[in-house]
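The structure under discussion appears below in the form of structure tokens.
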Amino acid sequence: MFDRKNTSLALELVTFSHTLFVLPLILAGYVVSFDEFNLLNFVLILCCAVSARTIGMILNRIIDSDIDLQNPRTSNRPIPARRISNRFVLNFLGISLAIFFISSWLICDLVLILAPIPIIFFFIYPYLKRYTFMCHFFLGITLSLGPLAGGVAASCSIQSIYETFHIALFTIFWISGFDILYALQDFDYDSKKGIYSIPAYFGKKKAIVISSICFFLSSITIFYYLYIKESHVFSYLLLIFLVLGFLVQILRCSRLDFSFFKYNSYIGFLILILIFSDILLR
């Protein structure tokens, strides 16, 4: 099934690089919640994180295949271009679901009970862009389940939500802001076809302003987290780099330079480094 060609298509199908957006934040939720490091538990959490993101991307690609086929930017994706078989896609989805639920079961009963929640959110999200421009924020909420799940998986306790709440809130604003900028690429198509997005609904300039507000709120959320934790000055320096990263994104986007998308995952790793170093320096 997974020969060299199919492996390449599978990675393209799920845009594996996008997994790097959220993985560091899931690990950040894990870091602030575990009492004692357990290698097996850590590996299982990684399996859950990667498989969950894979499920989300496959569902999105399947549900959006009709839209992708008509959009010049996305028409060559594996499913609409028929470069990959439906059987392969469904098998890939089935394997990912199996890995996700088996890993959840092996972590603890609570994680298994909660496991269907992100799958439901993944299924709902692709349909929202057909009905409301709030889809960007729903995506942020969906991916904010990552750090919450990382905390629950680390402690097997729902109480960990109190420790990971600020990371989740950061994720909502950060992902929403990024997704609004991402939608600028499809401004002409979305406006013409009636696809709901903030750029298509409010225009490009207002979309950049709304995205900037989201990034600002992300920064405030992390600043408040560091403040209540009485963090080391080094953590605030890392936060400054984070804010500068947001500014770079906004400035590049205002010049319609979309090359920054591939660098966006660095911000997630910066947050992980910030939180981990803050714990070590306390």
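The values are calculated or read from the model by the stated rules, or taken from the named source; none is laboratory data. This one's a predicted model, so the numbers in the text were calculated from it and none came from an experiment. Please note: Cβ atoms are built from the backbone with ideal geometry, for glycine as well, and neighbour counts cover all protein chains shown.
So which residues in the stretch 27-41 are out of contact with any Asp or Glu (no Cβ under 7 Å at 6 or more places or on another chain), farther than 19 Å from D109 by Cβ and not in a helix (DSSP H, G or I)?
Correct list: E36, F37.
Considering only the stretch 97-141, how many residues are among the hydroxyl-bearing types (S, T, Y) and either surrounded by 15 or more Cβ atoms within 10 Å (Cβ to Cβ) or assigned to a helix (DSSP H, G or I) (or both)?
4
Quick check, is L139 at pLDDT below 90, of a type outside the set (F, W, Y) and in contact with a helix residue (DSSP H, G or I) (Cβ under 8 Å, 6 or more places away or on another chain)?
So L139 fails the test.
Looking at the stretch 107-120, is at least one residue touching a residue at least 12 places away in the same chain (Cβ under 8 Å) and either among the polar types (S, T, N, Q) or more than 20 Å from C48 (Cβ to Cβ) (or both)?
There is no residue in the stretch 107-120 that is touching a residue at least 12 places away in the same chain (Cβ under 8 Å) and either among the polar types (S, T, N, Q) or more than 20 Å from C48 (Cβ to Cβ) (or both).
Here is a check on your reading of the model: is L148 touching a residue at least 40 places away in the same chain (Cβ under 8 Å), within 25 Å of A207 (Cβ to Cβ) and under 13 Å from the mean Cα position of the chain (by Cα)?
no
Let me spell it out: the conditions are (1) crowded, with 19+ Cβ neighbours inside 10 Å; (2) not in a helix (DSSP H, G or I), and P24 meets all of them except one. Which number is the exception?
(2)
Restricting attention to the stretch 42-53, does a residue exist that is part of a loop (DSSP other than H, G, I, E, B) and within 30 Å of G194 (Cα to Cα)?
No: zero hits.
Would you mind stating whether I84 is assigned to a loop (DSSP other than H, G, I, E, B), buried (at least 17 other Cβ atoms within 10 Å of the Cβ), over 13 Å from the mean Cα position of the chain (by Cα) and touching a residue at least 60 places away in the same chain (Cβ under 8 Å)?
Yes: the conditions hold for I84.
In this structure, is S75 within 22 Å of W174 (Cβ to Cβ), outside any helix (DSSP H, G or I) and touching an Asp or Glu at 6+ places or on another chain (Cβ under 8 Å)?
no
Could you run through the stretch 155-165 and say how many residues are modelled with pLDDT of 90 or more, part of a helix (DSSP H, G or I) and either crowded, with 23+ Cβ neighbours inside 10 Å or touching a helix residue (DSSP H, G or I) at 6+ places or on another chain (Cβ under 7 Å) (or both)?
Total satisfying the criteria: 2.
Take the residues of the stretch 209-241 that are under 29 Å from M134 (Cβ atoms) and buried (at least 21 other Cβ atoms within 10 Å of the Cβ): which is modelled with the highest pLDDT?
C214
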